[in-house]
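Chemist: Would you mind keeping the following structure in view while I ask a few things?
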Amino acid sequence: MIRLGLIGCGKIGGPVIKAIQAGLPGNYEIISVLTRNEKLIGNISTVIDPEVFFRNTFDLIIDAGAPPSLELYGKRALSLCELWTVNSAELANASLYDDLQETGRQNTHKLRVLTGAIAGLDGLAAISQGKSVKIRTEVDVATSEEGRKSLFSGSLREAARLYPDCVNVAVAAGLAATKLDEVIIEVIQPGPGEERELNLSASSEFGEMKVKTIPRVIPNKNIHMVSACIIAALKQRDQVIWVG
């Protein structure tokens with residue numbers, strides 16, 4: 001049985017917990033869940049005190065909390081066990097990135113950045129050994145009658161500072177490309193009635209790559225594309241043959 005800890009149980013963490021309770025990912029036991037407010041999810045009572053959470057013994061901790069959860073708890077988690085995160089935007093902070101890398105090396109634990117709502121990052125890593133990586137991402141749909149508009153165009157690091165909740169996919173792509181400072185991003189807000197899209201393109205002498213994802217989030221049905229990514233990764237972790 002793999003002893004699992006979760007940070008966060010909102011739109012992303014909640015469906016993951018329910019999937020584990022239903023036995024979907026396989027051989028996992030939820031030891032503790034750290035949240036901002038106490039909750040009861042099935043037979044799991046969450047804790048709000050980090051000291052209580054980190055007294056446990058874990059094989060794996062998943063950071064599915066809202067920013068700045070990776071900054072707050074990443075080093076401590078990585079000193080205990082393997083850590084997975086969906087908060088890749090926080091890794092645009094060079095100081096945090098270096099601290100986590102050093103913590104992982106000292107404790108021989110790895111930090112896995114989950115891809116969330118985009119596919120093809122393995123292909124991006126290959127293509128981007130050349131030169132050009134461009135990303136277009138979209139934030140939540142506007143609630144006013146104002147139509148589609150561009151909110152930002154420029155450095156991925158700056159976009160991560162301005163929109164930490166919206167560019168996790170983009171930063172994951174930049175990290176996969178190992179060229180975070182060379183990635184150009186455009187952040188767009190869709191107009192009312194439009195679908196939110198995530199677009200990734202890269203080109204080099206090795207070829208071209210284009211990926212478009214339309215993520216689906218329906219909280220009252222426990223549907224979130226990033227949750228599905230975590231559940232899939234949990235299933236893969238216990239497999240002998242792993243594709244992707």
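Chemist: Specify the residue that is surrounded by the fewest Cβ atoms within 10 Å (Cβ to Cβ); the eligible residues are those in segment 214-235 that are assigned to a strand (DSSP E or B) and either aliphatic (A, V, I, L, M) or not assigned by TED's automatic domain parsing to the domain that holds Ile20 (or both).
Modeler: Result: Ile218.
Chemist: Could you identify the single residue in Glu90, Glu71 that is touching a Pro at 6+ places or on another chain (Cβ under 9 Å) and in contact (Cβ under 8 Å) with a residue 24 or more places away in the chain?
Modeler: Criteria check complete, one pass: Glu90.
Chemist: What's the total number of residues in segment 1-18 that are within 16 Å of Ile230 (Cβ to Cβ) and surrounded by fewer than 20 Cβ atoms within 10 Å (Cβ to Cβ)?
Modeler: Adding up the residues that qualify gives 4.
Chemist: Could you please find all residues in segment 134-153 being among the aliphatic types (A, V, I, L, M) and modelled with pLDDT under 70?
Modeler: Within segment 134-153, Val141, Ala142 meet the criteria.
Chemist: Give segment 26-52 a look and list any residue that's aliphatic (A, V, I, L, M) and within 23 Å of Ala233 (Cα to Cα), or say none.
Modeler: Hits for segment 26-52 are Ile30, Ile31, Val33, Leu34, Ile41, Ile44.
Chemist: Just to be sure before I move on: is Gly123 buried (at least 18 other Cβ atoms within 10 Å of the Cβ) and in contact with a strand residue (DSSP E or B) (Cβ under 7 Å, 6 or more places away or on another chain) in the structure I sent?
Modeler: Taking the combined requirement at face value, the residue does not satisfy it.
Chemist: Can you give me the number of residues within segment 100-109 that are out of contact with any helix residue (DSSP H, G or I) (no Cβ under 6 Å at 6 or more places or on another chain) and either farther than 12 Å from Leu175 by Cβ or modelled with pLDDT under 95 (or both)?
Modeler: 4
Chemist: So is Ala202 more than 16 Å from Val167 (Cα to Cα) and not assigned by TED's automatic domain parsing to the domain that holds Ile127 or not?
Modeler: no
Chemist: Every residue in segment 37-81 that is at pLDDT below 95 and either surrounded by fewer than 14 Cβ atoms within 10 Å (Cβ to Cβ) or more than 21 Å from the chain's Cα centre (by Cα) (or both), please.
Modeler: The answer is Asn37, Glu38, Lys39, Leu40, Ile41, Gly42, Asn43, Ile44, Ser45.
Chemist: Which members of segment 20-57 meet the condition of being assigned to a helix (DSSP H, G or I) and within 15 Å of Tyr73 (Cβ to Cβ)?
Modeler: Pro50, Glu51, Val52, Phe53
Chemist: Only one of Asp181, Asp238 is in contact (Cβ under 8 Å) with a residue 40 or more places away in the chain, over 17 Å from the mean Cα position of the chain (by Cα) and either exposed (fewer than 13 other Cβ atoms within 10 Å of the Cβ) or at positive phi (or both); which?
Modeler: Asp238
Chemist: Also: Residue check: is Ala170 in a helix (DSSP H, G or I), modelled with pLDDT under 85, touching a Ser or Thr at 6+ places or on another chain (Cβ under 9 Å) and surrounded by 18 or more Cβ atoms within 10 Å (Cβ to Cβ)?
Modeler: Yes.
The values are calculated or read from the model by the stated rules, or taken from the named source; none is laboratory data. Given the structure is predicted, the values throughout are model-derived calculations rather than measurements. Heads up, the Cβs are rebuilt from the backbone with ideal geometry, glycines too, and the neighbour counts pull from every protein chain shown.
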